[in-house]
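Inspection log for the structure reproduced underneath, given as structure tokens.
The values are calculated or read from the model by the stated rules, or taken from the named source; none is laboratory data. All values derive from a computational prediction rather than experimental measurement. Neighbour counts are summed over all protein chains in view; Cβ atoms, including those assigned to glycine, are modelled from backbone coordinates with ideal geometry. Accessible surface is based on the protein model in full, side chains and every heavy atom, while ligands, DNA and RNA are left aside. Shrake-Rupley method; radii C 1.70, N 1.55, O 1.52, S 1.80 Å.
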Amino acid sequence: TRRFDLVFDCTGYRPSVETPLLSSLVAQGLVLLDPLRLGVAVARSGRARSPGPRPAPPVFALGPLGRGSLYEITAVPQIVAQATLAAETLNRFATRGRARRPAPALPWGLRSFA
């Protein structure tokens with residue numbers, strides 16, 4: 001057993017729901033597979049839906065891993081929009097209960113769309 005604060009699974013445009021990572025998340029009740037078993041059931045922001053009545057933890061499945069819920073999510077513009085929503089959601093988690101600070105400068109000449 002290993003514990004991580006952050007995990008990236010970059011398996012490409014045809015993700016498998018049978019990977020050890022996804023199997024573990026499903027077994028723990030942290031994510032729910034979509035009805036077609038194409039990936040994880042997600043909201044528009046990519047936040048995974050949980051199987052029970054309690055709120056889902058901040059687990060995100062961006063891009064093709066969410067295509068059972070958001071079929072067109074395999075195109076770059078949609079993935080960028082989803083990543084932006086995910087970042088805004090994560091920012092709300094990070095700033096909850098703290099005074100709002102200005103966003104740090106983005107690296108490599110990237111610009112914010114906020």
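Below are the figures for this structure:
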| item | result |
| --- | --- |
| Potential lengthening between residue 21 and residue 71 on full extension [0.36 nm per residue; Cα-Cα distance subtracted] | 15.8 nm |
| Of all accessible heavy-atom area on the range 1-90, the percent that carbon and sulfur account for (1.4 Å) | 59 |
| Protection proxy ranking of 53-60, 8-15 - average other beta-carbon atoms within 10 Å, highest first | 53-60, 8-15 |
| Probe 1.4 Å, all protein chains present, accessible-area order of 22, 90, largest first | 90, 22 |
| Label-point separation, residue 80 to residue 6 (7 Å along Cα→Cβ), nm | 2.2 |
| Surface accessible to a 1.4 Å probe, per residue, for the residues of the range 39-82, Å² | 53 |
